[in-house]
Amino acid sequence: MSFISYLLNGLSLGSVYAIIALGYTMVYGIAKMLNFAHGDILMVGGYAAFIAFNSMGLPVVVAIPVSMVVCTLLGITIEKIAYKPLRKANSLSVLITAIGVSYLLQNLAQIIFTANPKSFSSFVGMKPLKLADGQLTISGETIVTIVTCVVIVVGLVTFINKTKAGQAMLAVSEDKGAATLMGVDVNGTISLTFAIGSALAAIGGILLCSAYPTLTPTTGAMPGIKAFVAAVLGGIGSIPGAFIGGIILGVLENLAKAYISSKLSDAIVFSVLIIVLLVKPTGILGKKIMEKV
Amino acid sequence: MNKVNAEKQKITRSNLITFGMVIIAYVIVEIMLKTGNISSLFKGLLVPLCIYSILAVSLNLVVGISGELSLGHAGFMCVGAFTSATWSMLMSGSAMPAGLRFFIAIVIGAVSAAFFGFIIGIPVLRLKGDYLAIVTLAFGEIIKNLVNALYFGIDARGAHFSLEDSMHLNMEGGDIIIKGAQGITGTPKNSNFTIGVVLLIVALFIVLNLINSRTGRAIMAIRDNRIAAESVGLNVTKFKLLAFTISAAIAGVGGVLYAHNLSSLQALPKNFGYNQSIMILVFVVMGGIGNIRGSVVAAVVLTVLPELLRGLSDYRMLIYAIVLILMMLFTSAPSWIQYRERILMSFKKNKTERKEKD
Amino acid sequence: MKRLLSVVLTGAMAVSLAACGSSGSGSAASTTAAASGEKTETAAAAASSDATWKFGSQGPLTGGAAVYGTAVVNGTKVAVDEINAAGGINGYQIEFQSADDEHDQEKAINAYNSLKDWGMQVLIGPTTSAPTIAVGSEAVNDNLFMITPSGSAVDCTKPANAFRVCFSDPAQGAKSAQYIGEHKLATKVAILYDSSDVYSSGIYESFVAEAANQGIEVVDTEQFTADSKTDFSTQLQKMQASGAELAFLPFYYTEAALVLKQADSMGFKPVFFGVDGMDGILDLDNFDTSLAEGLMLLTPFSADADDDATKNFVAKYKEAYGSTPIQFAADAYDAVYIVKAAAEAANLTPDKSVDEIGTALEEQMKSLKYDGITGAEMTWDDNGDVDKEPKAVVIKDGAYVSAE
């Protein structure tokens, strides 16, 4: 019974990782860049929701869209100012500006909201579910997070495969030049990707803070890097891969804590990542990299 | 043949400029130190400047010359720091002269970091691009996590290790040297600016010579076109591993300097985590990928910059972030480069015209 | 392109070097001028208030630990302003400057040096343990008097010039175990601690060592690290399964808020027992205080205490910074007054050199007895460690109540 409950803890954490990883993976797929500021956009989403819900007293159904809009605008702005001018430059340059943006957001948040942690009220009103005579408790947050995550993955996959904008994304991620020739608005598509990725970060932030309710300017940093690991584990650029990677990472982290050592769980998780990548060098669902001669 | 010679001369000249730059900077600082014309802040920064320059040079060997993105360099630094500090603590009671002890500490730090670089390099270098980056990041984090959990003590019965806590060491008296998260305290302060500069010059010497050697050209050939390099019979794994191991060794030396510059050594996320690895990468990218001299300059500028911004108090790191973004845009964004060049052109029109006549 | 870049960067380096050099010579020049000025003046007018005390403070003001450094700096400011308004120390006003050390040993040295360049005579800091140890080994060369409000690791007070206001980690761990043993709170105890943190693992070790003497059985030990401190549910479940009656949580309130929430949602309700880092949990913005109901902690300070000194400090702090002070701020506030008391006892004036001030204050600390908001009748031993009694408090209806 305890195994099942460890597994559930893992699923809950994993699905938060998965939602954040989706943003990473989408941006990577299209712009071929590691957006290190993604975790910090999530933090901004958390603060936006906190202000809308706690300080302004807006209802949940309003606070969530507010937070998503804030993050979307932020994501598009960052892309336009800091990433777009570097699109044709060395890929490492844009990695460095992403780090710069990450510092910028963290320090800006600290100046605006101070370093004092905020206690986030859960957005999930659901009562915990008690199973097997109360031996097993599943919190409302866990259920909502997992369901949301699945809905988003299905929605994104449908969006990409069935809509014109989604197809444009695929085209841009395959070959920017060819996509331009085929009349795809490359800039618009990239902006759209950042918009969706950032909106997902807002949802990720709200769910993260609902399940683990402490909000500080550095809240996004560690989940951000973990989600990045999850995205790579699942095969970066692949949407189902990000989902699987996130879930595996969360479950693994909790099982390592439960059965091996809570002190060394980071080392164990990273070791598994390394082993997976050695066996499948492009992640679980990653595409094979073609070598150009 | 002449062309080759001319090329060689150019390289030698460029290398001499690099060494000359370091030596001139050293002489200027020494004069400032002797005349007392230097602030305590800057005096305290001298050794860190050497440390970060060494680390940037070392990482540039992997990123610039070998063409692999490594995000775990702080891990090698951590290995060098902890092994050498352990050695110095073990020997601190002995009659060994401090100079010799520190020399051996440097060797130990370099060798142990090289060993880790070699072991990690074997599997890692099979991967490519961002996957390689994430695996090196993972290794760096594993090293940090293990060091934080490691307890090491020595008593009459010999050495004791534990990954639990100091009670599990089962010590009978003796000294606990590494106390898990509490790390090592009381490392002798053996690093100084002169040693730092000497080590930086040694690191530069190794890396620049490697680049201009047969081996270095092989490494760069592999970077530029792996398949072509393979098809002319170059052993890709060997050369990549060589660059990676040397780089790790140099990073280890940086760690030795770090450990012997501060009296308390703990593996915090700030100093040995991925943040530090990324910071070193920022030096390399900002200084120009593959440009060794640039790495040193960028490491110095970006280490000094946040200290100069101290006057801005709360806004310090905010401004630093903005400067970082702007510097990157200014140096790398095609549209900014065009704009910049247009301005430069109008300034230096005469000069360029003269050059073109030659 | 590369060449241009290196030219630009070299230019930047030259400018920054020049800036460093000039700022150095500038401050050196001004201090000598000031010193020679003072010499002529001291004879003329001893009561001249031209000279001022220069107090520095440092701690993490940015990054993940910023909340602690900010508290220390703010607490120091409140005390400095209060003292200045009341006429200063021995008739001299205090100038105050703070520096950010980012909770990093190397940056801490930089912060210390920048304060030294400014002319600091006394350091109220650093805030966290690792930087305190690093700065201590530098400051001892200058014999600059430093009193850390909150650097709790044993080695923080190793140098002769270093003192502290808070308990040392072993003292806290041992005192917690003694308290639990003496009051028979529990025999089966589970511990959760941050294994990547100096403070937390230090307390853990001394707690376990003392627990054996108190007949406490440690039934489960769980850890977390700085890199995975969002999800505690698995650790809590194991603690629950171990049948522990009391959970010892030697870490800061920021993480504790998450632990309490997660324990609550899984129905794990032992006696929770915290240490001084737990103080502040009730004042977390928007925190559901019912989660902390019954939480016990040993703390030398509680913002709810109804003595006048505490009330005055809390009111002033709230007015200036809009939040309730945590223990770090209170320690820093006391630290400034401790320096004041020692300086007054030694009849010190700020025109003395750093070394003279340091020697005089160190001498006074041996015999000083001080009543502050973080403890009554504080005295200091030869190591520079404070001797004071922690108060055990328990949280009832969202407020601290004395546990006695």
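The table below gives the values:
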read-out	value
Approximate spin-label separation A:K164-B:K348, in nm, with each point projected 7 Å along Cα-to-Cβ	4.9
Convex hull of Cα atoms in the protein assembly as shown, direction-averaged projection (nm²)	45.0
Rough spin-label spacing in nm, given labels placed 7 Å along Cα→Cβ, for B:H168 and C:D387	3.7
Stokes-Einstein D (µm²/s) once Rh is taken as the Kirkwood radius of region C:325-365 over alpha-carbon pairs, at 10 °C in 1.306 mPa s	146
Whole-number D in µm² s⁻¹ for region A:35-105, Kirkwood Cα-pair radius fed into Stokes-Einstein, 10 °C, 1.306 mPa s	123
For region C:348-404 and region C:247-275, distance of Cα centres in Å	29
Size descriptor, Kirkwood hydrodynamic radius, that averages inverse alpha-carbon separations across region A:13-218, Å	17.9
Distance between modelled label sites at C:D397 and B:L326, nm, 7 Å Cα→Cβ extension	5.7
For region B:142-220 and region A:197-237, distance of Cα centres in Å	33
Antiparallel content of DSSP bridges confined to region C:170-299, in %, to 5	5
Two-decimal log10 I(q)/I(0) for region C:77-169, as the Debye equation yields it once each C-alpha is a single scatterer, q = 0.19 Å⁻¹	-0.86
Förster radius 60 Å - calculated FRET efficiency between C:S242 and A:N90 (Cβ-Cβ, nearest 0.05)	0.65
Inter-part distance where region B:265-325 and region A:80-117 are each reduced to a Cα centre, Å	14
Above-threshold pairs, the threshold being 25 Å between Cα atoms, out of A:K84/A:K176; C:K54/C:K366; A:K257/C:K184; A:K226/B:K144; A:K118/C:K229; C:K229/C:K269	A:K257/C:K184
Tail beyond 23 Å, pair distance distribution of region B:10-273 (Cα, percent)	56
Peptide C:280-290 - average C-beta neighbours from other chains (10 Å radius)	4
Structure-based [θ]222 nm, chain B - -39500 (n - 2.57) summed over DSSP H runs of at least 4, per residue, nearest 500	-24000 deg cm²/dmol
FRET efficiency, 1/(1 + (r/R0)^6) with R0 25 Å, evaluated for A:V69 and A:M126 via beta carbons	0.50
Gain upon complete extension [B:N235, B:N5; 0.36 nm per residue less C-alpha separation]	80.1 nm
DSSP-defined antiparallel bridges as percent of all bridges, the protein assembly as shown, nearest 5	50
FRET efficiency, A:I275 to A:V150 (Cβ-Cβ, R0 25 Å, nearest 0.05)	0.40
Scattering curve values for region C:170-299, log₁₀ I(q)/I(0), Debye with Cα scatterers, q = 0.17 Å⁻¹	-0.81
Percent antiparallel among DSSP beta bridges (both partners in chain C, rounded to 5)	30
Overall Cα dimensions of region C:188-228 - principal axes, largest extent first, Å	34, 17, 6
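Computed from the coordinates by the stated procedures, all read-outs in this text should not be read as laboratory data. Because the structure is a prediction, the values reported are computed rather than measured. We place every Cβ from the backbone using ideal geometry, glycine too, and count neighbours over all the protein chains shown.
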